[in-house]
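Trainee: I'd like to ask some things about the structure below.
The values are calculated or read from the model by the stated rules, or taken from the named source; none is laboratory data. Being a predicted model, the structure only gives us computed values, none of them experimental. Cβ placement follows ideal geometry from the backbone for every residue including glycine, while neighbour counts extend to all protein chains displayed. SASA here: full protein model, heavy atoms, side chains in, ligands and nucleic acids out. Shrake-Rupley method; radii C 1.70, N 1.55, O 1.52, S 1.80 Å.
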Amino acid sequence: IRDIGVTGVQTCALPISTNQARATEIGICLIDRNLEIVEEFETLIRPPVVPLRASLATARLSNSDLADAPSFKDVWPSVYPYLDGNAIVAHNKSYEITVLQNEFSDLRIKCEWTLSCTRELSRRLLSHRISSESLDYLCSYFDIQRVAPHEAINDARDTVQLIRELSKIGRAHV
């Protein structure tokens with residue numbers, strides 16, 4: 001493992017099932033062993049389906065924002081270096097891995113990355129002190145000021161700050 005890739009993915013959920021959600025935006029912060037951001041990547045993604053208006057509204061996107069965006073296939077060569085050989089962390093890994101698997105299946109790529117999850121870590125370290133595991137709640141709990149939440153890169157940045165806070169607690173329990 002070289003570094004840690006912290007992902008933020010925004011999606012367009014479909015009425016059928018969240019198992020069919022597709023990416024509309026991806027943000028990745030590459031952090032070093034000192035938990036400092038050393039590089040960032042972000043892009044909008046044109047999904048292969050018509051997004052639900054409600055899911056676009058959450059991320060403050062419109063269909064016109066996505067009309068000229070590249071497809072996931074087009075951005076994959078830029079995304080891959082952030083994942084390859086790095087530990088991957090997401091705030092809600094079960095959802096993000098489902099979305100990424102949906103994208104990978106179109107490209108016939110097997111998802112071989114193991115994701116760690118700040119939501120699960122928060123549950124283990126803070127279960128007796130928190131009433132929610134959402135990124136919004138946990139950022140508020142740790143006084144992390146959120147700027148433009150639900151934008152992929154900003155969610156990734158906020159997750160990096162959450163990792164820093166959780167690592168302090170984790171070290172205290174060792």
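Trainee: Could you give every pair whose Cβ atoms fall below 8 Å, whose first residue belongs to the stretch 156-167 and is within 15 Å of F41 (Cα to Cα) and open to solvent by less than 30 Å² (accessible area, probe 1.4 Å), and whose second residue is in a helix (DSSP H, G or I) and of a type outside the set (S, T, N, Q), counting only separations of at least 6 or pairs across chains?
Mentor: D158/L135; D158/C139; T159/L135
Trainee: Looking at this structure, is L135 modelled with pLDDT of 90 or more and in contact with a helix residue (DSSP H, G or I) (Cβ under 9 Å, 6 or more places away or on another chain)? Lay out the reasoning, then the answer.
Mentor: Numbers: modelled with pLDDT of 90 or more: yes; in contact with a helix residue (DSSP H, G or I) (Cβ under 9 Å, 6 or more places away or on another chain): yes.
So L135 fits the description; yes.
Trainee: To continue, here is another question. Consider the stretch 66-75. How many of its residues are open to solvent by 40 Å² or more (accessible area, probe 1.4 Å) and farther than 16 Å from V50 by Cβ?
Mentor: 3
Trainee: How many residues are on the phi > 0 side of the Ramachandran plot and touching a strand residue (DSSP E or B) at 6+ places or on another chain (Cβ under 9 Å) when one looks only at the stretch 90-116?
Mentor: Here the count works out to 0.
Trainee: What's the number of the condition S116 fails, among (1) in a helix (DSSP H, G or I); (2) under 18 Å from R164 (Cα atoms); (3) polar (S, T, N, Q)?
Mentor: Here S116 clears every test but (1).
Trainee: Here's something else I'd like to know. Select from the stretch 142-155 the residues that are in contact (Cβ under 8 Å) with a residue 40 or more places away in the chain and at positive phi and write down the one among them that is surrounded by the most Cβ atoms within 10 Å (Cβ to Cβ).
Mentor: Among residues in the stretch 142-155 that are in contact (Cβ under 8 Å) with a residue 40 or more places away in the chain and at positive phi, the one surrounded by the most Cβ atoms within 10 Å (Cβ to Cβ) is H150.
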